[in-house]
1. Checking the structure you have, find out if any residue of the stretch 7-27 is assigned to a loop (DSSP other than H, G, I, E, B), at pLDDT below 80, assigned by TED's automatic domain parsing to the domain that holds Pro79 and among the β-branched types (Val, Ile, Thr).
2. For residues in the stretch 38-62 being in a loop (DSSP other than H, G, I, E, B) and surrounded by 10 or more Cβ atoms within 10 Å (Cβ to Cβ), which is modelled with the highest pLDDT?
3. Cβ contacts < 7 Å: first residue aliphatic (A, V, I, L, M), restricted to the stretch 1-20; second residue part of a loop (DSSP other than H, G, I, E, B) and surrounded by 15 or more Cβ atoms within 10 Å (Cβ to Cβ), any location; separation 6+ or different chain. Result?
4. Just one of (1) within 14 Å of the chain's Cα centre (by Cα); (2) of a type in the set (Asp, Glu); (3) surrounded by 10 or more Cβ atoms within 10 Å (Cβ to Cβ); (4) at pLDDT 90 or above trips up Glu65, so point out which.
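The values are calculated or read from the model by the stated rules, or taken from the named source; none is laboratory data. Predicted, not measured: the structure shown is a model, and the values here were computed from it. All Cβ positions, even for glycine, are placed from backbone atoms using ideal geometry, and neighbour counts span all protein chains on display.
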Amino acid sequence: MGLPPLAMIERSDYAKKFFDASAGTGKWRDSAEIHLTSLEEVECILDCENQVDFLRFMRRMLKWEPNERASAKDLLSDPWLRS
């Protein structure tokens, strides 16, 4: 998922405690490094076809902005869950 969108940080007073919106970057304020891992980097035991479907399913679900996220109803009809 990466870092939250800057616009989301700017809308939240609570998020500003953890992310630096003033610099226009939205980076983590703490000195501890956060390793960003993509879904592709995570080792998967699924075969290639199921892996592609699984990654598509996860991308539909893992969105920072709620209006971009698939609904639970839509996810229940996803081909990966139906396979």
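1. no
2. First pass over the stretch 38-62, keeping only residues in a loop (DSSP other than H, G, I, E, B): 38, 42-47, 62.
Those left that are additionally surrounded by 10 or more Cβ atoms within 10 Å (Cβ to Cβ): 44, 46, 62.
Working: Cys44: 65, Leu46: 68, Leu62: 90.
Per the stated criteria, the residue is Leu62.
3. Leu3/Gly26; Leu6/Ala21; Leu6/Gly26; Ile9/Ala21; Ile9/Gly26; Ala15/Pro4
4. Against the list (1) within 14 Å of the chain's Cα centre (by Cα); (2) of a type in the set (Asp, Glu); (3) surrounded by 10 or more Cβ atoms within 10 Å (Cβ to Cβ); (4) at pLDDT 90 or above, Glu65 comes up short only on (4).
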